[in-house]
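Report on one structure; see the data block that follows.
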Amino acid sequence: MVSRLILVLGDQLTPSVAALTAADKGADTVVMAEVRDEATYVGHHPKKIALIFAAMRKFAARLRKAGWQVAYTEYDDPCNAGSIPGELLRRADETGAKEVIATRPGEWRLIKALENAALPVRLLEDDRFIASHGEFEAWAEGRKELRMEYFYREMRRKTGLLMEGDKPAGGKWNFDHDNRKPAKSDLFRQGPAAFAPDDVTGTVLDLIERAFPNNFGALRPFGYATDEAGAQAALDHFIEHGLPQFGDYQDAMLTGDPHLCHALISAYLNIGLLDPLETCQRVEAAWAAGDAPINAAEGFIRQILGWREFVRGVYFLEGPDYARRNRLNHHRKLPDMYWGGETKMNCIAQAVGQTRDLAYAHHIQRLMVTGNFALLAGINPNEVHEWYLSVYIDAFEWVEAPNAVGMSQFADGGVVGSKPYVSSGNYIDRMSDYCAGCAYSVKAKVGEGACPFNLLYWHFLDRHRDRFEKNPRMAQMYRTWDRMDAAKRETVLEEADAFLYRMSAGEVV
Ligand code: FAD
Ligand code: DLZ
Ligand code: SF4
């Protein structure tokens, strides 16, 4: 029998991934490759490249130990063809293979590259998700609007997670209302699990340091797990220490505590070291054992069973142009402060600073600080998208684009969310301690030192009045704006314009 090539990508590190399940261990050759094209399609955070390369190397070793023939290409191998299709071709020449079996990648760019490869590639559905593409499409069919909440309920029914018969456990589908406590610095938290780099990871860190010296972000210290056992240990750590308070403090932000009670497992889920359904089942079991309250377990399970599955469905349903949409016609350049440039806005400095150091920021920092500001300031969503795709350890387009382009920038015109996530400085002040250490005053609505979020919030509503005025969820905001004294409204808009002008001119704002 002629051998086939079995492609395993850097985010497909699951022993039961579709291409491996379809392969013949005795005859086929697994192809894994660290390549320039994947490492540079955006300027990934060095920690992200390190995680992927180290986890790929360990996964290849694991496959070899289990009896697989693995052709693995390291980044600095002089024969490295530099791209996934190039490496497939090279390995086909070596082995005489005439066909490739691959699990469908999580990005249209790479799907197209494989479809156009010089040898036939059979793409299998990636079934490491709770909902198949077919199920999502069937659910979406004929709906005027796609709303996560309804999809999530379907998924609860399908999996039986947190269900008592056909009723949701605790009597409610969604406990979000109980999940909005601001954190205080005396809240006791264990901190995240940290993993000292072993020899494999250490070698990769040295490579990344040499090969990507100018990428935004700190490579060291590196504390991420790089194999399945480590990822499971990180999940155990979260269930024991973070989950009980996850619900209460899900939206909170605190200086000096980037993680609070969050799980830090998105990267492990996204590269295949953790299984989403098993992760939800572990959390459900903790709740059933009395180790976590319902608002925590439901809040957490909703993120994975609801949001994660929903955004993946949207990305593939909407098609290859999704990540490039710009329905609000925003064209301003992403300011330097997103790349660590100086800013007087403490909330942005905190969110960007920890992103640079850790390749991590939690959901509310991404949505209501960096995302909110970019949307209010009218930044080009393509640049915002590339930024999110670059700087986070967990960023893969199928999950990043619906969150960044859709949920956070409303650039999809309302596919992911029914209204834009915008807020003035009040929200940030309520949920964090950032404003106390800021050069601006969150209480000041206009004038010297007024918080830019306060000015830009009204500027955003005013410039998009035609689109949002009739949205019932935004009517109240427009009523408040309209009740404001006309002279004050004019001042707000003038000051917002002046702020944007100064920001775009490169002044430190
Ligand atoms: P927790 O808060 O502990 O949540 C648990 C898990 O739920 C996460 O690990 C993640 O797998 C899942 N989850 C939570 N929220 C979402 C969501 N909105 N969409 C999908 N899954 C979710 N998540 C990514 O995995 N990759 C991305 O590239 C990404 N980009 C984002 C960009 C923006 C602008 C925003 C607003 C959100 C983005 N998210 C992304 C979602 C979310 O911020 C991260 O999943 C989360 O912060 C990861 O940290 P955690 O593991 O500590 O999550
Ligand atoms: C993100 C990434 C990086 C940085 N490097 C590689 C690589 O060298 N080889 C590889 O197989 N995969 C890598 N990846 C993950 C891919 O970019 C990912 O599979 C696609 O973006 C689809 O999700
Ligand atoms: Fe951010 Fe405004 Fe608060 Fe400063 S005052 S931290 S800019 S919300």
Of all DSSP beta bridges in the chain, antiparallel share, percent nearest 5 | 15
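How would 64, 356 line up by accessible area, probe 1.4 Å, largest first?
Details: 64 120, 356 95 Å².
If we order 64, 356 from most to least accessible, we get 64, 356.
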Above 22 angstrom, tally the Cα pairs of the range 133-309 and express them as a % of all pairs, no decimals.
-> 53
Neighbourhood charge, 15 Å Cβ-Cβ cut-off, centred on residue 325 and excluding it, Lys, Arg +1 and Asp, Glu -1 | -4
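Within 9 Å, Cβ to Cβ, of residue 84, how many net charges do the neighbouring residues add up to if Lys/Arg are +1 and Asp/Glu are -1? Before the final figure, lay out the partial values.
Numbers: positive: none; negative: 37, 38, 87.
Spelling it out: positives minus negatives among the neighbours equals -3.
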Taking only Cα atoms, what is the 0 to 90° angle, nearest 10, from helix 46-65's long axis to the longest principal axis of the chain?
-> 30
For the range 239-333, which whole percent of the accessible surface, found with a 1.4 angstrom probe, sits on carbon and sulfur atoms?
-> 48
Three-way shape label, the range 55-212, alpha-carbon gyration tensor, a/c 1.5 | oblate
Using the Cβ atoms and a cut-off under 9 Å, what net charge is assigned to the surroundings of residue 108, where Lys and Arg are +1 and Asp and Glu are -1?
-> -1
Taking the alpha-carbon set of the chain, what are its Rg and Dmax in Å?
-> 23.5, 81
Residue (of 63, 200, 15) at the positive-pole extreme of the chain, dipole from beta-carbon charges | 15
Taking the Cα atoms only, what angle lies between the long axis of helix 148-159 and the longest principal axis of the chain, rounded to 10 degrees?
-> 40
Let me know the Kirkwood hydrodynamic radius for the range 336-504, please, with Cα pairs as the basis and the value in Å to one decimal.
-> 16.4
Between residue 489 and residue 441, what length in nm is gained on full extension when 0.36 nm per residue of separation is reduced by their alpha carbon distance?
-> 15.4 nm
For labels at residue 498 and residue 339 in the simple 7 Å Cα→Cβ model, what's the distance in nm?
-> 2.9
Computed over the chain, protein heavy atoms only, probe 1.4 angstrom, the accessible area per residue in square angstrom equals 41
Between residue 277 and residue 467, the two model label points (7 Å from Cα along the beta-carbon direction) sit apart by a distance in nm of 3.9
Would you work out the charge dipole size for the range 342-468 about its Cα centre, treating the Cβ of every Lys and Arg as +1 and the Cβ of every Asp and Glu as -1, and quote it to the nearest 20 debye?
-> 500
Between the Cα axis of helix 381-391 and the main Cα principal axis of the chain, the angle (0 to 90°, nearest 10) is 60
Kirkwood Rh over alpha-carbon pairs of the range 303-368 plugged into Stokes-Einstein at 20 °C, 1.002 mPa s gives a D in µm²/s of 148
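The values are calculated or read from the model by the stated rules, or taken from the named source; none is laboratory data. Because the structure is a prediction, the values reported are computed rather than measured. All Cβ positions, even for glycine, are placed from backbone atoms using ideal geometry, and neighbour counts span all protein chains on display. When the accessible area is computed, the model is the full protein with side chains, heavy atoms only, and any ligands, DNA or RNA have been set aside. Shrake-Rupley method; radii C 1.70, N 1.55, O 1.52, S 1.80 Å.
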